1. Suppose the filter is surrounded by fewer than 19 Cβ atoms within 10 Å (Cβ to Cβ), farther than 16 Å from I25 by Cα and in contact with a helix residue (DSSP H, G or I) (Cβ under 8 Å, 6 or more places away or on another chain); does D137 pass it?
2. Given the condition at pLDDT 95 or above, surrounded by 12 or more Cβ atoms within 10 Å (Cβ to Cβ) and among the small types (G, A, S), answer yes or no: does some residue in segment 93-101 qualify?
3. What is the residue count in segment 88-108 for residues that are in contact with a strand residue (DSSP E or B) (Cβ under 7 Å, 6 or more places away or on another chain) and part of a strand (DSSP E or B)?
4. Does G73 satisfy being at pLDDT below 95 and at positive phi?
5. Considering each of V108, V44, V37 in turn, give the residue that is more than 21 Å from I148 (Cα to Cα) and not acidic (D, E).
6. Go through segment 107-162 and give me each residue that's under 20 Å from S84 (Cα atoms) and among the charged types (D, E, K, R).
7. Mind counting the residues in segment 57-77 that are among the charged types (D, E, K, R) and assigned to a strand (DSSP E or B)?
8. Of all the residues that make up segment 39-78, how many are without any contact (Cβ under 8 Å) to a residue 60 or more places away in the chain and in contact with a Gly (Cβ under 7 Å, 6 or more places away or on another chain)?
Amino acid sequence: MKKKFLCLLLIFSMLVLGGCFAKNISSANIVRDEAKVGGSLSFVYNHNDRCAYIGGEGEFMEFYKGDLSLSAGNRVGLKVIAPSEVKDYGKVTLEMGGQSYSDLFQVVSGQKQNYFYIYPAFSEENREVSIKINWADDIESQEYKVYIVSGTKFLNENGEVV
């Protein structure tokens, strides 16, 4: 009985040390996109709790007129920079607003970049978006939150406050 227990303990230890279970990694870094889709809004990203806070009292979120890839609405452009532990960008998937996305990373000069852009939509009634990112099969998924700060006003397509 003692030998069986030691054998099971050894097998379990090897699985844990060998990385058979999902690993935790550092968090992504989130910054505003270079084009500042949504306008010049205040932006704070708390790396520890994976929350981004956008806007503030007296600030205005611009209306995005839409294009071939995004529908019109109040959107904010964000650049998500992968944790340094992520090596295979082709395996990354993202869930946001009930949709799943893959093949997120741009290719520049034949190389995939370590970042991608997202443009979540917000409204007066919907000031929070959850984003779930699965970086790889053997890495635990991470959840991020994006909040529009109270006091931020939304503009419509005519530039008027909603």
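1. Numbers: surrounded by fewer than 19 Cβ atoms within 10 Å (Cβ to Cβ): yes; farther than 16 Å from I25 by Cα: no; in contact with a helix residue (DSSP H, G or I) (Cβ under 8 Å, 6 or more places away or on another chain): yes.
Against the criterion (surrounded by fewer than 19 Cβ atoms within 10 Å (Cβ to Cβ), farther than 16 Å from I25 by Cα and in contact with a helix residue (DSSP H, G or I) (Cβ under 8 Å, 6 or more places away or on another chain)), D137 does not qualify.
2. no
3. Count: 7.
4. So G73 fails the test.
5. Just one listed residue meets the conditions, V108.
6. First, pick out the residues of segment 107-162 that are under 20 Å from S84 (Cα atoms): 107-108, 110-118, 131-144.
Those that are under 20 Å from S84 (Cα atoms) and among the charged types (D, E, K, R): K112, K132, D137, D138, E140, E143.
7. 1
8. 3
The values are calculated or read from the model by the stated rules, or taken from the named source; none is laboratory data. Here the structure is a predicted model, which is why all the values come from computation and not from measurement. Every residue, glycine as well, gets a Cβ built from its backbone with ideal geometry; the counts of neighbours run over all protein chains shown.
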